[in-house]
There are 2 protein chains.
Amino acid sequence: MKALSGIFNRRTFIRTSAAIATGIGAVPSLSQAAPVFQDNVSVIGPREGFSPHIGTLLSMMAWMRMVVISSVDRLSKEELDYLHDGKSNTIGAMLLHLAATERAYQGSTMNVNSDYKELGNINWDAAMHLGDEGRNVIKGNSIAFYKNVLTAVRNRTIEEMKTRDDKWLLDVASGSVSRPINNYCKWFHVCEHESNHNGQIKWIKGRMPGAKNFGE
Amino acid sequence: MKALSGIFNRRTFIRTSAAIATGIGAVPSLSQAAPVFQDNVSVIGPREGFSPHIGTLLSMMAWMRMVVISSVDRLSKEELDYLHDGKSNTIGAMLLHLAATERAYQGSTMNVNSDYKELGNINWDAAMHLGDEGRNVIKGNSIAFYKNVLTAVRNRTIEEMKTRDDKWLLDVASGSVSRPINNYCKWFHVCEHESNHNGQIKWIKGRMPGAKNFGE
């Protein structure tokens with residue numbers, strides 16, 4: 001087991017731990033808004049004030065968000081707008097896409113009024129679709145802008161989840177799909193979807209002009 | 001909400017649903033081994049025979065695996081060995097890396113004897129480290145090979161998890177890291193790590209010679 005632990009520490013875990021150790025300060029707005037998920041961010045499980053499975057889901061989402069933010073927190077506007085090839089998405093566009101996706105699931109599973117007027121004019125369609133529209137429209141923003149949008153949308157999720165229970169999360173809804181599905185699956189998808197794009201973010205980040213490390 | 005649902009359906013959810021609708025047949029070995037996680041794969045939550053949080057975690061891992069397999073199930077050996085640039089990992093190497101990572105966490109959190117001799121000579125070090133070693137060593141395998149390894153490792157996880165309880169999953173262990181962490185966090189990482197690499201797999205798959213769609 002010793003050799004295995006060595007590998008495990010070197011490659012996968014220490015990096016995650018480093019993100020954990022340094023990442024909290026990187027998401028101050030999240031920590032201000034939801035200390036219950038900032039405290040012990042690497043302890044996945046129920047949280048006070050939330051039903052057990054909802055608290056657990058939100059703790060995963062908080063951990064995942066911390067990992068994503070640790071990938072992008074020091075990027076300049078130019079880096080956030082870097083286009084690796086003609087069909088790539090910029091890192092900035094992917095970050096807005098994460099917020100747009102979460103907002104979309106708020107709408108479809110919680111019927112939330114998600115105009116987010118307080119955030120200004122955000123082209124949610126472009127953020128959702130990406131592609132040419134995303135490349136044309138989403139640019140020139142700082143990391144503070146993206147973090148602010150992500151946090152605003154996440155805070156709405158937390159607020160709404162507080163009023164719901166495990167029955168809502170676990171019950172199989174009759175939806176438009178032929179296979180049984182529940183809200184936990186939909187919201188787990190919102191969560192793992194951040195990791196999906198984080199894999200791409202790290203890959204692209206590692207290939208920018210002047211990049212020292214290649215993403216993996 | 002209607003417009004939102006439209007976006008949501010078009011981009012994110014229908015594709016996931018399509019994977020769900022077609023993906024099950026793509027992982028026959030998983031379904032043979034663990035019907036409790038194949039049935040209602042899009043219903044995340046507790047499963048009979050497992051403690052509530054462990055069953056929920058395993059249901060997420062099963063859903064996530066289905067999504068990954070749906071990305072790679074029709075790839076040829078040449079496609080699995082496709083190298084996008086000199087520092088990329090092949091899709092095949094990433095698949096073996098997912099199995100190696102899960103195996104590493106079996107070792108570190110469950111002290112599992114994970115020699116997997118029945119799978120033949122697998123270079124787990126190369127799979128764990130990737131990089132030059134991975135590029136040199138991991139090649140020439142069919143998708144059946146990778147799926148077989150992934151399933152064998154997953155079956156061991158399921159078997160081991162069956163003997164454990166939520167206390168084991170949730171309790172904060174004294175580890176080598178300074179911040180509190182529990183086994184749920186480590187195993188959630190094993191799960192989201194598949195999505196991280198799936199994002200890269202789709203990106204690379206969309207840029208292979210002859211690729212019709214670009215990954216996102």
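The values are calculated or read from the model by the stated rules, or taken from the named source; none is laboratory data. Nothing here was measured: the structure is a model prediction, and the numbers come from that model. Glycine also receives a Cβ, built like all others from the backbone with ideal geometry; neighbour counts cover every protein chain displayed. SASA here: full protein model, heavy atoms, side chains in, ligands and nucleic acids out. Shrake-Rupley method; radii C 1.70, N 1.55, O 1.52, S 1.80 Å.
Output the residue which, of all residues in segment B:31-42 that are open to solvent by 20 Å² or more (accessible area, probe 1.4 Å) and in a loop (DSSP other than H, G, I, E, B), is modelled with the lowest pLDDT. Talk me through it step by step, then tell me what you get.
Going residue by residue through segment B:31-42, those that are open to solvent by 20 Å² or more (accessible area, probe 1.4 Å) are B:31-33, B:35-36, B:38-40.
In the following step, the residues that additionally are in a loop (DSSP other than H, G, I, E, B) were identified as B:39-40.
Values: B:Asp39: 81, B:Asn40: 90.
Per the criteria, the residue is B:Asp39.
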Could you list, ordered by first residue, the pairs with Cβ atoms under 6 Å in which the first is in segment B:96-109 and facing chain A (nearest Cβ under 7 Å) and the second is of a type in the set (A, V, I, L, M) and not in a helix (DSSP H, G or I), at least 6 apart or interchain? B:Gly107/A:Met1
How many residues are part of a loop (DSSP other than H, G, I, E, B) and surrounded by fewer than 21 Cβ atoms within 10 Å (Cβ to Cβ) if we restrict to segment B:64-112? 13
Is there any pair with a first residue in segment A:66-85 that is more than 14 Å from every other protein chain (Cβ to nearest Cβ) and of a type in the set (A, V, I, L, M) and a second that is open to solvent by less than 20 Å² (accessible area, probe 1.4 Å) and part of a loop (DSSP other than H, G, I, E, B) whose Cβ atoms are under 6 Å apart and which are 6 or more apart or on different chains, and what are they? A:Ile69/A:Val27
Considering segment A:164-185, residues that are open to solvent by 20 Å² or more (accessible area, probe 1.4 Å) and facing another protein chain (nearest Cβ under 7 Å), and then whichever is modelled with the lowest pLDDT, we arrive at A:Val177
Checking the structure you have, find out if any residue of segment A:137-145 is among the charged types (D, E, K, R) and modelled with pLDDT of 95 or more. yes
Would you mind stating whether B:Arg154 is surrounded by fewer than 19 Cβ atoms within 10 Å (Cβ to Cβ) and more than 10 Å from every other protein chain (Cβ to nearest Cβ)? no
Of the conditions (1) touching a strand residue (DSSP E or B) at 6+ places or on another chain (Cβ under 6 Å); (2) crowded, with 18+ Cβ neighbours inside 10 Å, the single one that A:Phe188 does not satisfy is (1)
Which numbered condition trips up B:Val137, out of (1) open to solvent by 30 Å² or more (accessible area, probe 1.4 Å); (2) touching a Ser or Thr at 6+ places or on another chain (Cβ under 6 Å)? (2)
When B:Ser195 is run through (1) touching a residue at least 12 places away in the same chain (Cβ under 8 Å); (2) hydroxyl-bearing (Ser, Thr, Tyr); (3) open to solvent by 10 Å² or more (accessible area, probe 1.4 Å), the failure sits at (3)
Looking only at segment B:117-131, how many residues end up being of a type in the set (Asp, Glu) and modelled with pLDDT under 95? 1
